Amino acid sequence: MLEKVELENLSKGNIVAYGEIYRGELNTSSLEILSPLKEIGKTLNKKLVLVCLIDSLKDIKNLEEIRKSLADEVWFVINEELKDFREDLYAEVLVKIIESSQPYGFFFPATKIGMSLAPRIAGALNIGLCAHVNSLEVKDNQIVMARPTYGENIIAKLISKSTPVMATISLGAFSIKYGIEEPLMKEIVFPKDFVWKSKLKIRNFTPFKKKPTKLSTAKVIVAGGRGLKNKENFQKLFELAEILGAEVGATRPVCYEGWVEEERMIGISGVIVRPKVYIGFGISGALQHTVGMENSEYIIAINTDKEAPLVKMANLALIGDAEKILDLLLKKLSK
Amino acid sequence: MEKIIVCIKGVPKPGTIKVDPETHTLKRESLELILNPNDRAALEMAGRLKNTYNTEVIVISMGPPNVVPLLKHAYALSADQMILLSDKAFAGSDTLATSYVLAKAIKKLSPFSLVLMGLKSIDGETAQVPPETASLLGIPSLTNVKNLFMENNKWIAIREIDYGEEEVEVEPPLVVSISPTAFDYIRPPSLKKLIEVKSKEPLVWQAKDLDLDPQKLGLQGSPTQVVEVSEKKMEAKGIILEGNPEELAEKLLEIFKEKGLIRL
Amino acid sequence: MIKYSLSEEQKILVDLVTQIGEEYIKPYALKWDEEEVFDEKPIRALADADLFGIIIPKEYGGLGWGSFEMCLAVEKLSYYCAGVTTTYAAAFLGSYPIILFGNEEQKKKYLPEIARGKKVCAFALTEPQAGSDAFAIKTIAKKEGDFYILNGMKHFITNGGIADIYIVVAMTDPAKGARGASAFIVEKNDPGFSVGKKEKKLGLRASVTTELFFNDCKIPKDRLLGKEGMGFIVALRTLDFGRCGVGAQALGIAQAAMEISLKHANSRIQFGQPIYNFQAVSHTFAEMAIKLEAARALVYNATKYIDSGAKDITGISSIVKCFTSDVAMWITERAIQMMGGFGYMRDYPVQKYFRDAKCLQIYEGTNEIQRNIIARELIKYYK
């Protein structure tokens, strides 16, 4: 049984995070963002609250994850009209929560839902919203957010002059950490005159057929690009991956060429990875790709082009033919 | 069907970006601007809807005068009318200030059935303007839309979220941002319209034409501010080794051992 | 090296074709050639861009331009892929007869849709026993009441299977020989019309070349173009016009080949210097430049003459086709040589230019036939 709190009695000045629950499952990126936010909360001496909009508590499949999370409190809003994600209604609910509890900061994971929802709230409240933030810190009692602007190699640090400070946080930018104490779970009671209506009607949902690869959590990744020349060479990466206990990743063009399935695409339209070791064979390092792997701890690039972006960002770059080196490597390792 | 409005943006040609050292915002006036690549999908959607439903398409853009060639290009793609929203007061706008101006302009063009935008621009990459503008207009928004058509006077949209695709039904008016992967084929501009638009100029609306609160414009109206920019220098940060494949393969083995990926 | 001054509208045309080449063709041309696959996307793009309507009169929805503009477009497009350009240019061979010989109903029926790129055309004259000897065609068109019944076959027809409209030359009166042929508009869904096998070609592999079969193919009599007996007049006038297009196609291919091999020669270091420094190499490029400029001047000079309304264009168009295709063949062969081993590898496009160029010496009348035509026309001036 959840403790019920009236909307107007919510505690004020917290750091709040949006807990994205879709069809009963919490998206783990909502847990990722709690890591930096917990630190922010500690520094500013503010509570960390996770807000979830659902139609029924018993339908949540991974409630355990919420119990283990870093949140100090979890606020649920429960209403059958919240069953489907409908951004106009969701935004109105969150606006009411923000108006009432005046959080210091309100943050979303940069999922497609988060990116659709957060701007509506910012518009409704006339406040600032920063996008794809991948680093947050407190400076002079202010939250400073950093984000790369992918068009060019520029990192911008931003602040928001309005409150709450709002941002969407890059997926995969932070790793999930677990809390020591179970958060207090509450249900927000909305006033009777709140209109639970949306102009949207969800007629159908078709889930993606692909199963997630273990790419996003892999500790070692061997990735291949056009420099491997053809599909047969690319497939040899699987042999290497087997020996190293690694996962195989790819760039966008080779996925589209059909050398490997699209689920292995690393980059802006694929998976964001943060392995300990990343080895790129014949990858030049177009921005769409590097954005997906730049947080790797140790980057090795094998390329014939000294000026290739991946070569420049690598910890170790070997200037040579990826195909030949891969072959030699496999030969040596099989001994 | 009431008119369709497409919002496009001029973005710096990759490689030409300059940041104003004082305001930390992009200097757009001096730049060579290109049509934001994602906006082409929005213009394609407009073109297809126009073919099917015979609606009027108006293309608008907020930017400095060097955005005019892009409006003309959009005209040649699928628009019937061009409007430029330009005023010095708009300079330095963040997404809120931009959405504010766009919303006012769109409101002035009412009634409309649809506002189309690209998913995000390649310079700011926030993807915020479409839902933010919709919120200011008080109408629904859908992002990452891959398909859109009318059924019984309602919009049916296929939109993508992280879990799959949803089919959404909503009455017009609606703001939609189109997924860049929505179309397998995107049309080029029409030669006839490119020639026609040479002698046409867009309608220009300044701040005074739009009943705007000056506090909500430009840097002043932008709650988010850049406080520092640093260039991610693409200087080689690690070791670069050259040699024959044999030597390089040996080096890799060494590193694998060092990192504990293989045992001796 | 000469810069040709173009009007504003001509510049818009060239820029648009360049944009289409860069976006819809360049990234895929080598792949299409390697896989011998026809992709409809660049054709759709050309259609959406109004480029099929360049020579169609304004009153039927086209731009009402002439040979000059057509060649500007064809040259630029050929730079990106001669195969795609063949599909594009062959469509003019199908629309031109309607423009020249169609009656008002036919023009109104077909030209607007062609201009909008909604219908693609083809031109069908050649048969297995009638290539250079075009008069030896055997396909018969027999008048039966309000219809013509066609029987026979055509082969080596560009755009076979992808065209909606075919201009077919068939014998209505075999006894009259060359004066016994007529030109007809056959539509792809006409009963008794079918498309045969797709040929496997040396070059121009992105374009489609097929056989066409007429088995009691029944078409309404209003599909006759012009009058009975005018078949070869329609064909020859059309080919006269098309030859400049081949000239422009040769320019595009030669330009691409020269550029790529020249850039290579300038950066390929052997014996401590770029190979361009060696006279054997630089002189070869000088020769390429000489021939290319001459060819280009010839093409556009001829188009100006044609566009001025001149009637005696047969000789000059043959000269254009013959000279420029030979130049393209020479330049592409030398381009491979200048690139050495790399020129021989299919990872590089220069071998594609060479294979593409070869067809230009053969189709739309072999260069041997062209020389026959030139000699015959020549004597008319010096009786």
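Things worth noting here:
- Remark: mean inter-chain Cβ contacts per residue of A:126-138 equal 4, using a 10 Å Cβ-Cβ cutoff to other protein chain atoms.
- Acute angle (nearest 10 degrees) that the helix B:39-53 long axis makes with the longest principal axis of chain B, alpha-carbon atoms: 40
- For chain B, taking the reciprocal of the average inverse distance between every pair of different Cα atoms yields a Kirkwood hydrodynamic radius of 20.5 Å.
- Counts of other chain beta carbons within 10 angstrom of each beta carbon in peptide B:183-189 average 6.
- Relative to the longest principal axis of the Cα atoms of chain C, the long axis of helix C:231-267 lies at roughly 20 degrees.
- Computed over the stretch A:1-87, Kirkwood Rh from alpha-carbon pairs, angstrom: 13.5
- For chain C: relative contact order, % (alpha-carbon pairs under 8 angstrom, 6 or more apart): 17
- Per-residue shielding of A:200-209, expressed as the average number of other chain Cβ atoms within 10 Å of the residue Cβ, stands at 6.
- Whole-angstrom gap from the stretch A:28-43 to the stretch A:84-100, using each part's C-alpha centre: 21
- The stretch A:3-189, Rg to Rh (Cα coordinates; Rh as Kirkwood inverse mean 1/r): 0.94
- For chain C, the alpha carbon convex hull comes to 138 Å³ per residue, rounded to a whole number.
- Within a straight-line Cα-Cα reach of under 22 Å, residue B:3 can be paired with the following lysines, leaving aside sequence neighbours fewer than 8 residues apart in one chain: A:199, B:50, B:72, B:104, B:107, B:108, B:146, B:154, B:193, B:200.
- With contacts taken as Cα pairs under 8 Å and at least 6 residues apart, chain B reaches a relative contact order of 22 percent.
- Local net charge near residue A:319, Cβ-Cβ under 15 Å (Lys/Arg +1, Asp/Glu -1): -4
- Debye log10 I(q)/I(0) for the stretch A:220-334, one point scatterer per Cα, at q = 0.13, 0.19, 0.20 Å⁻¹: -0.39, -0.90, -1.02
- Across the protein assembly as shown, the convex hull enclosing all Cα atoms gives 201 Å³ per residue.
- Normalised by the number of residues in chain A, the average gap of Cα pairs under 8 Å and 6 or more apart makes the relative contact order 15 percent.
- All other residues whose Cβ lies under 13 angstrom from that of residue B:178 are scored, Lys and Arg at +1 and Asp and Glu at -1, for a net of +2.
- To put it simply, the accessible area of the protein assembly as shown at a 1.4 Å probe is 51 percent carbon and sulfur.
- Chain A contacts chain B over a buried accessible area of about 7000 Å², both sides summed; the probe is 1.4 Å and only protein chains count.
- Within chain C, helix-based [θ] at 222 nm, where runs of 4 or more DSSP H residues each add -39,500 (n - 2.57), nearest 500: -17000 deg cm²/dmol
- With R₀ set to 56 Å, the beta-carbon distance separating residue A:306 from residue A:162 gives a calculated FRET efficiency near 0.75.
- Multiplying each eigenvalue of the alpha-carbon gyration tensor of the stretch C:254-305 by 5 and taking the square root yields semi-axes of 29, 10, 5 Å, largest first, rounded to whole angstroms.
- Stokes-Einstein diffusion coefficient of the stretch C:232-383, Kirkwood radius over Cα pairs, 10 °C, 1.306 mPa s, in µm²/s: 97
- Here, the stretch A:114-252 yields an orientationally averaged convex hull projection of 15.5 nm² when only Cα atoms define the hull.
- Diagonalising the gyration tensor over the Cα atoms of the stretch A:179-270 and scaling each eigenvalue by 5 before taking the square root yields semi-axes of 43, 21, 10 Å, largest first.
- Cross-link pairs exceeding 32 Å between alpha carbons, from the set C:200/C:321; A:83/A:209; C:188/C:291: C:188/C:291.
- In a DSSP loop and with at most 16 other Cβ atoms within 10 Å, the trypsin sites (Lys or Arg not before Pro) in the stretch C:1-83 are C:3.
- Of the peptides A:121-132, C:16-27, the ranking by mean beta-carbon count within 10 Å, highest at the top, reads A:121-132, C:16-27.
- Angle between chain C longest axis and helix C:279-307 axis [Cα atoms, degrees, rounded to 10]: 30
- Loop-located chymotrypsin sites (Phe, Trp or Tyr not before Pro) across the stretch C:275-319 with a Cβ neighbour count of 14 or fewer within 10 Å are C:278, with loop assigned by DSSP.
- GNM result for chain C, Cα springs below 10 Å: residue of C:272, C:247, C:62 fluctuating most strongly: C:272
- For chain A, the longest site-free run once GluC sites (Glu not before Pro) in DSSP loop states with at most 13 other Cβ atoms within 10 Å are removed: A:1-180
- Backbone geometry of the stretch B:31-36 corresponds, through the Karplus equation with coefficients 6.51, -1.76 and 1.60 at θ = phi - 60°, to 3J(HN,Hα) couplings of 8, 7, 9, 10, 5, 3 Hz, x marking Gly and Pro.
- Interface residues of the stretch B:203-225, defined as those losing at least 40 Å² of solvent-accessible heavy-atom surface relative to the isolated chain (probe radius 1.4 Å), are listed as B:223, B:224, B:225.
- Dimensionless Rg over Rh [the stretch C:1-72; C-alpha; Kirkwood]: 1.04
- Whole-number D in µm²/s for the stretch C:127-232 (Stokes-Einstein; Kirkwood sum over Cα pairs; 20 °C, 1.002 mPa s): 154
- With q set to 0.15, 0.18, 0.20, 0.23 Å⁻¹, the log10 of I(q)/I(0) for the stretch A:43-115, from the Debye formula over equal scatterers at the Cα positions, is -0.58, -0.85, -1.05, -1.35.
- Taking every protein chain into account, the accessible area of the stretch A:3-189 amounts to 36 square angstrom per residue (probe 1.4 Å).
- Taking packing as the residue-averaged number of other Cβ atoms within 10 angstrom, the listed peptides B:96-102, B:203-209 run from highest to lowest as B:96-102, B:203-209.
- Put simply, when B:148-158, C:200-210 are sorted by average Cβ atoms within 10 angstrom per residue, most first, you get C:200-210, B:148-158.
- Shown here: chain A, whose C-alpha atoms stretch 71, 46, 38 Å along the first, second and third principal axes, sorted largest to smallest.
- Taking label positions 7 Å along the Cα-Cβ direction at both residue B:151 and residue A:99, the computed distance is 3.5 nm, reported to one decimal.
- Modelled spin-label separation between residue C:133 and residue B:254, with each label point placed 7 Å from Cα along the Cα-to-Cβ direction: 7.6 nm.
The values are calculated or read from the model by the stated rules, or taken from the named source; none is laboratory data. On a predicted model such as this, the values are computed, not experimentally measured, just so you know. Don't worry about glycine lacking a Cβ; one is built from the backbone with ideal geometry, like all the others, and counts go over all protein chains shown. For the accessible areas, the whole protein counts, side chains as well, though only heavy atoms, and no ligand, DNA or RNA atoms are used. Shrake-Rupley method; radii C 1.70, N 1.55, O 1.52, S 1.80 Å.
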